[in-house]
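**Q** Structure incoming, see below.
The values are calculated or read from the model by the stated rules, or taken from the named source; none is laboratory data. All values reported here derive from a predicted model rather than from experimental measurement. Cβ: placed from backbone, ideal geometry, glycine included. Neighbour counts: every protein chain shown.
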Amino acid sequence: MKTFFGVLFDFIVLLITWPILVIRAICNRPKNNHPEKLEDPELDVDTIAQHLSEAVQIPTISMVEEYVDNKQAFYDMHAWLEKTYPNIHKVAEKNIIKGFSLCYYIKGTDPSLKPGIFLSHMDVVPAPADGWDYPPFSGQITEDGFIYGRGSQDMKSHMLCLLEAIEMKLAKGDNYKRDIYLCFGHDEEPGTSFMGAYNICKFLQERGVKAEFVIDEGGAVADGSMFGVPHMVALIGATEKGNGDLELVVNHHGGHASNPKNPTADALLGKAINKLEKHLMPAKWTNLTKKTVKALGQQAGGSALGAIFKFALTNRDVLPNLVKFIFTKASSMTSALVRTTFATTMLWGSEARNVIPSTVRANINYRMLTTDTYEDVEKHIHKVLGPDVEVRSIANSPSSPEANVEADAYKNLEKSIYESFDDVFVAPYMFIAASDARFYYPITNDIFRFDPFVYDLEDQARIHGINERCSKDNLKRGTIFFMRCLENMCN
């Protein structure tokens, strides 16, 4: 009801002031004083593609549940990295953390500079073979220029492009001014990272490291049309949503399937899940999302839809409730930028086909806005579901602090993107997933999340899904980006 009246109020304001708001949008012209894309250097993309194929063939599935003994794959990955990147291993100090994670230290030439930290993770999610065009750990390179396999997007391609850029630099006998740490965790995918990233950061703290910045996976380069922008949009994650898991538990009478007594526990749990999907937490503007909207508003236009987006984004401060409502309806991506989300990910019930379970459970994975807390989530769920559904907290990670998007580190990262990609616009945003970066705040607050690849909606659906793949063009673009990024941020 509060949302309804807020939108209604904004609509009335719109009716009264629309001429002024239209003029305001028209006068809000793009600011295109960013650097131009540089000429691409010569790269042996076929060799980089072969390297990714080889890395994908090492099945580094996270060591949890049925894969708890998958140790050899990580030992094989360590050996493969040493063989494939000899120049890095010649100059870098290599530290193995908790048996499987890696932390490389490359000493720079200027000790007065704080170090830069680059993150990746070696582990991947499981990949049942059903539905794949090629076996998920084959690393198949196709004639149309794709490398197929689990981890080809998330995130061995990111790690390899970074390593390729450094290997080429060191092969010339050059070095960087800034000390560099390369930190590769082994347990990011299960959502814990308490053996990998947590202990890498602890190791760095014990060394007294205070970093200038951390770069990790995050936003990518995508079609800006979802925001009404007639360019590619590169989104840099300057903060990260909190995340966690809750279990909904319903206890009710069970019995034999031949004598059902309705409603069953299954039906009651289904109703609870349905309620949670219908009654969402309120949408809110965060500090960073306001900056995202302001930046995108300057670039929107170029079409009728773009003009509508430009009008809405430019006037967010005048019509906050109306624009927020548009975001909740435009797409799942834009909706996730303005509200805490819930997703049902796992279900448990009967272990026999002819048994009605007396206890059923559902796992709810939630992603919190930076303005929400776990207490807000718990209060909302209890209000929606009432006392008949037990709510158990399984895990909880708070949202991350916001990085300084006025810092030199951000500006140099932004510059690197402009120098590496055609027809792109860069904007900061709130990363809606989770990353290892959240463990590194004891070292620096300037943590930025960016994947240097161009992804469309189909590509994004392949991550953790069927037919995950990376194109040779993305490998080329990613390697060039890291060459620029390392030069701009570490020299």
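**Q** Which condition from (1) surrounded by fewer than 20 Cβ atoms within 10 Å (Cβ to Cβ); (2) in contact (Cβ under 8 Å) with a residue 40 or more places away in the chain; (3) in contact with a Leu (Cβ under 9 Å, 6 or more places away or on another chain) is the one that Thr314 breaks?
**A** Unmet for Thr314, out of (1) surrounded by fewer than 20 Cβ atoms within 10 Å (Cβ to Cβ); (2) in contact (Cβ under 8 Å) with a residue 40 or more places away in the chain; (3) in contact with a Leu (Cβ under 9 Å, 6 or more places away or on another chain): (1).
**Q** Let me spell it out: the conditions are (1) loosely packed, with under 14 Cβ neighbours inside 10 Å; (2) under 21 Å from Asp10 (Cα atoms); (3) among the charged types (D, E, K, R), and Lys284 meets all of them except one. Which number is the exception?
**A** The number of the failed condition is (1).
**Q** Do we find that Ile417 is at negative phi and in contact with a helix residue (DSSP H, G or I) (Cβ under 9 Å, 6 or more places away or on another chain) in this structure?
**A** yes
**Q** Something else now. Given the conditions (1) in contact with a helix residue (DSSP H, G or I) (Cβ under 7 Å, 6 or more places away or on another chain); (2) more than 20 Å from Ser420 (Cα to Cα), and given that Thr142 satisfies all but one, which numbered condition is not satisfied?
**A** Thr142 satisfies every listed condition except (1).
**Q** Quick check on my filter: what residues within region 241-269 are in contact with a helix residue (DSSP H, G or I) (Cβ under 6 Å, 6 or more places away or on another chain) and crowded, with 24+ Cβ neighbours inside 10 Å?
**A** Residue satisfying the conditions is Val250 alone.
**Q** Might you let me know whether region 166-184 holds any residue that is under 15 Å from Ile463 (Cα atoms), surrounded by fewer than 24 Cβ atoms within 10 Å (Cβ to Cβ) and within 20 Å of the chain's Cα centre (by Cα)?
**A** no
**Q** So in region 114-125, with the set limited to residues that are closer than 17 Å to Glu487 by Cα and part of a loop (DSSP other than H, G, I, E, B), which one is nearest to the chain's Cα centre (by Cα)?
**A** Pro115
**Q** Residue check, Thr340 against (1) at pLDDT 90 or above; (2) at positive phi; (3) buried (at least 17 other Cβ atoms within 10 Å of the Cβ); (4) not charged (D, E, K, R), all met but one. Which one?
**A** (2)
**Q** Going through region 289-311 one residue at a time, which ones are surrounded by fewer than 20 Cβ atoms within 10 Å (Cβ to Cβ), closer than 19 Å to Phe325 by Cα and of a type in the set (A, V, I, L, M)?
**A** Leu305, Ala307, Ile308
**Q** I would also like to ask the following. Please find, among Pro135, Pro111, Pro115, the residue that is crowded, with 18+ Cβ neighbours inside 10 Å and in the same structural domain as Met159 (by TED's automatic domain parsing).
**A** It is Pro115.
**Q** Hey, any hits in region 215-226 for a residue that's over 28 Å from Arg484 (Cα atoms) and either buried (at least 24 other Cβ atoms within 10 Å of the Cβ) or not assigned by TED's automatic domain parsing to the domain that holds Leu413 (or both)?
**A** No; the residues of region 215-226 include none that is over 28 Å from Arg484 (Cα atoms) and either buried (at least 24 other Cβ atoms within 10 Å of the Cβ) or not assigned by TED's automatic domain parsing to the domain that holds Leu413 (or both).
**Q** Name the one entry in Arg438, Arg484 that is surrounded by 19 or more Cβ atoms within 10 Å (Cβ to Cβ), in contact (Cβ under 8 Å) with a residue 60 or more places away in the chain, within 24 Å of Ser332 (Cβ to Cβ) and of a type in the set (D, E, K, R).
**A** Exactly one of Arg438, Arg484 is surrounded by 19 or more Cβ atoms within 10 Å (Cβ to Cβ), in contact (Cβ under 8 Å) with a residue 60 or more places away in the chain, within 24 Å of Ser332 (Cβ to Cβ) and of a type in the set (D, E, K, R), namely Arg438.
**Q** Now for a separate question. Going through region 147-194 one residue at a time, which ones are closer than 16 Å to Arg484 by Cα and either among the small types (Gly, Ala, Ser) or not assigned by TED's automatic domain parsing to the domain that holds Ser53 (or both)?
**A** Ala165
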